[in-house]
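Peer 1: One structure, as structure tokens, below. Some questions next.
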Amino acid sequence: MSQKKVLIITYYWPPAGGPGVQRWLKFVKYLPEFGVQPIVYIPENPTYPIIDEQLVQEVSNEVVIIRNKIFEPYQLASFLSKNKTKKMNSGIIPNQKKQSFLDKAFLWIRGNLFIPDARVFWVKPSVNFLQQYIKENQIDTIVTSGPPHSLHLIGLELQKRLAVKWIADFRDPWTTIGYHKALRLSNFAASTHKKLENQVLNAADSILVTSKTTKAEFEAITSKPITVITNGYDSEEVSVQALDRKFSMAHIGSLLSERNPLALWESLVELCEEHATFKSDLEIKLIGAVSQEVLGTIERVGLNACVNNLGYVSHKEAIAHQRKSQVLLLIEINSVDTKSIIPGKLFEYMVSNRPIIAIGPKDSDFAEIITQTNTGVFFEYSDKVKLKSVILDYYNQFLQGKLQSHPVGLQQFSRKNLTQELAILLKKV
């Protein structure tokens, strides 16, 4: 039986590192097993904030990859401030009260001149290039994955010009994503974002989201079918890891300025003061980009001596740290706008056999998953007493050599099972 050809339009692809690349890298790995031939369209010369060359080895041999040049204003902005441009490109936005004139200028330009985002200049050349490619290769289904949400505008225009079915995949929301309000949008820019979001949601034949909250949010805008397919975990080839000898608490991923739970830092300080061995045993492992606001808070409360700031590591190294750290930290911004965010690393955390301490806004979608799978404990930012008690309980289990998680029902989140759901959707759209 011949396989169904599907064109997948995505910005993030190896050697890009970070969470944005994982979803479609893994879908593409398994789609051929379910009768789908993936053709991936990516930029030829992208400006990726994070590079992970090891991920290139994970690209399936069965995927067809096509490329086209992209112009990105980040390439010009870096002449003014390479460091600020790189941080903004990776999502690190300074606290509003501490923004310099240059910070404010960059944010205003990003939010008001490049709508919906700085990859908007790729839309027109991509449409012209793909229009011919789709005809020549008899492709009848396309997928666009955002952010960057400008890629959905490629799908919007291709659908107008060609008789193709279009699925718009939202790895994150559009106008309610956490950083959207920080972009210093004018009324005109904000309304333009809303208008484009509305057009995409009402034109796509089907919409794919990663959380039930995003689905409910979009259902208020469109009557088009919306399917939730979360991110997941894959079988990673990482050697057996000996557990850290210290009581290590690891956060893997970006710690943005607003992912800064004072209740956690204060709980750790108090436990250091109240228990003789706690401070000498404690290691706070920060793996990934960390904002100066978070580092400043940690220094102010007096935890600097316990911090091991490792910076960005490869995905394979990150998996190794997940499996050898005593406790894994999952921190989301304390905002109603972020309760729909289910960090991709959650699913890798869940199969690491290490307990998770998760902190986020009330009614977070990921809180439900952690509870259902028995992989850790969720806390709101105000739950300091409960948080401190659980950390102490984990510490005592660590001292006894008994600290581990006892997960249930994880198989539903395997990348292969999730890809099977996707293949069914692709064939019936």
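Peer 1: Amide H neighbours of ASN68 under 5 Å, counting only residues 5+ apart in sequence or on other chains, H built in-plane at 1.01 Å?
Peer 2: Excluding prolines and chain starts, which carry no amide H, the hits are ILE42, GLU44.
Peer 1: Per-residue counts of other Cβ atoms within 10 Å, averaged by peptide: what ranking do you get for 393-399, 262-268, highest first?
Peer 2: Values: 393-399: 16.4, 262-268: 19.3.
Put in order of decreasing packing, that is 262-268, 393-399.
Peer 1: If you roll a 1.4 angstrom probe over the protein chains with everything in place, what fraction of the accessible area of the chain belongs to carbon and sulfur, to the nearest %?
Peer 2: Numbers: 9530 of 18540 Å².
Roughly 51 percent of what the probe reaches on the chain is carbon or sulfur.
Peer 1: Please give the charge dipole size of the chain, origin at the Cα centre, charges +1 on K and R Cβ atoms and -1 on D and E Cβ atoms. Round to the nearest 20 debye.
Peer 2: Numbers: 50 positive and 42 negative charges, 193 e Å.
My answer is approximately 920 debye.
Peer 1: Ok, one more. Give a residue-ordered list of calculated ³J(HN,Hα) values for segment 50-65 (Karplus: 6.51 cos²θ - 1.76 cosθ + 1.60, θ = phi - 60°; whole Hz; x for Gly, Pro).
Peer 2: After applying 6.51 cos²θ - 1.76 cosθ + 1.60, I find 10, 10, 9, 4, 5, 5, 4, 5, 8, 5, 4, 5, 8, 8, 9, 10 Hz.
Peer 1: While we're looking at this one, here's another question. What is the chain's relative contact order, in percent, from Cα pairs under 8 angstrom and six or more apart in sequence? Walk me through the intermediate numbers first.
Peer 2: Values: 768 pairs, mean separation 63.1, N = 429.
For the chain, the relative contact order is 15 percent.
Peer 1: What number in nm² do you get for segment 319-429 if you take the convex hull of its Cα atoms and divide its surface by four? If you can, show how the numbers build up before the last one.
Peer 2: Values: hull surface 32.5 nm².
One quarter of the hull surface, i.e. the mean projection, equals 8.1 nm².
Peer 1: Sticking with this one: What whole number of Å gives the distance from the Cα centroid of segment 358-388 to the Cα centroid of segment 141-205?
Peer 2: That distance is 31 Å.
Peer 1: So, one more: I need the phi-derived Karplus couplings for segment 325-333: 6.51 cos²θ - 1.76 cosθ + 1.60, θ = phi - 60°, integer Hz, Gly and Pro marked x.
Peer 2: 6, 6, 9, 10, 9, 10, 10, 10, 4
Peer 1: Mind ordering 131-138, 159-166 by average Cβ neighbours within 10 Å, highest first? Could the numbers behind the result be given before it?
Peer 2: On the way: 131-138: 12.1, 159-166: 15.6.
In decreasing order of mean packing, 131-138, 159-166 become 159-166, 131-138.
Peer 1: So with the 1.4 Å probe, I'd like the accessible area per residue for segment 124-216, rounded to whole Å².
Peer 2: Numbers: 3670 Å² over 93 residues.
Using a 1.4 Å probe on heavy atoms only, each residue of segment 124-216 averages 39 Å².
Peer 1: Now for a different question. Need one value: the accessible area of ASP172 in square angstrom, 1.4 angstrom probe, rounded to the nearest 10.
Peer 2: Result for ASP172: roughly 50 Å² accessible.
Peer 1: Then there is this: Would you grab the residues whose amide H sits under 5 Å from the one on SER248? Only those 5+ places off in sequence or on another chain, please, with H modelled 1.01 Å from N.
Peer 2: Answer set, sorted by chain and number: GLU283, GLN326, VAL327.
Peer 1: Based on the alpha-carbon gyration tensor of segment 365-427 and its eigenvalue square roots a ≥ b ≥ c, which shape applies: rounded if a/c is under 1.5, prolate if not and a/b is larger than b/c, or oblate?
Peer 2: Details: a/c = 5.20, a/b = 2.08, b/c = 2.50.
Oblate is the answer for segment 365-427, as a/c is 1.5 or above yet b/c matches or exceeds a/b.
Peer 1: Considering the dipole of the chain built from charges on the beta carbon (Lys and Arg +1, Asp and Glu -1) around the Cα centre, which of LEU201, ALA263, VAL294 is farthest to its positive end?
Peer 2: Positive-end residue among those listed: LEU201.
Peer 1: What number do you get for segment 186-337 when its Cα radius of gyration is normalised by 2.2 N^0.38 Å, N = residues?
Peer 2: Values: Rg = 20.5 Å, N = 152, 2.2 N^0.38 = 14.8 Å.
Expressed relative to 2.2 N^0.38 Å, the Cα Rg reads 1.38.
Peer 1: Only helical DSSP H runs with n ≥ 4 go in: add -39500 (n - 2.57) per run for the chain, normalise by residue count and round the 222 nm mean residue ellipticity to 500 deg cm²/dmol. Each step should come with its number before you reach the end.
Peer 2: Working: 16 runs with 167 residues, N = 429.
Per the formula, -11500 deg cm²/dmol.
Peer 1: I would also like to ask the following. Using a 1.4 angstrom probe on the protein heavy atoms only, line up LYS345, LYS246, LYS195 by accessible area, largest first. Walk me through the intermediate numbers first.
Peer 2: On the way: LYS345 35, LYS246 90, LYS195 130 Å².
Descending accessible area places them as LYS195, LYS246, LYS345.
Peer 1: While we're on this one: Express in % the proportion of alpha carbon pairs of segment 102-245 at distances exceeding 21 Å. Could the numbers behind the result be given before it?
Peer 2: Working: 5254 of 10296 pairs.
Looking at segment 102-245, the distances longer than 21 Å represent 51 percent of pairs.
Peer 1: OK, next. Sort 200-213, 53-66 for me by packing, meaning the mean count of neighbouring Cβ atoms within 10 Å per residue, highest on top. Present the calculation step by step, with values, prior to reporting the outcome.
Peer 2: Values: 200-213: 20.9, 53-66: 13.7.
Peptide ranking by packing, descending: 200-213, 53-66.
Peer 1: Going from the alpha-carbon gyration tensor of segment 130-202, what semi-axes, largest first and in whole Å, does one get by taking the root of 5 times each eigenvalue?
Peer 2: On the way: eigenvalues 153, 28, 17 Å².
Result for segment 130-202: semi-axes of 28, 12, 9 Å.
Peer 1: Let me know the volume per residue of the alpha-carbon convex hull for segment 257-336, in Å³. Spell out each step's value before the answer.
Peer 2: Numbers: hull volume 8.3 nm³, N = 80.
So the per-residue Cα hull volume is 104 Å³.
Peer 1: What whole number of Å gives the distance from the Cα centroid of segment 273-324 to the Cα centroid of segment 1-76?
Peer 2: 32
The values are calculated or read from the model by the stated rules, or taken from the named source; none is laboratory data. What you see is a predicted model, and the numbers here were worked out from it, not measured in a lab. Virtual Cβ from ideal backbone geometry, glycine too; neighbours counted across all protein chains shown. Please note that ligands, DNA and RNA were not included when accessible areas were found on the heavy atoms of the full protein model with its side chains. Shrake-Rupley method; radii C 1.70, N 1.55, O 1.52, S 1.80 Å.
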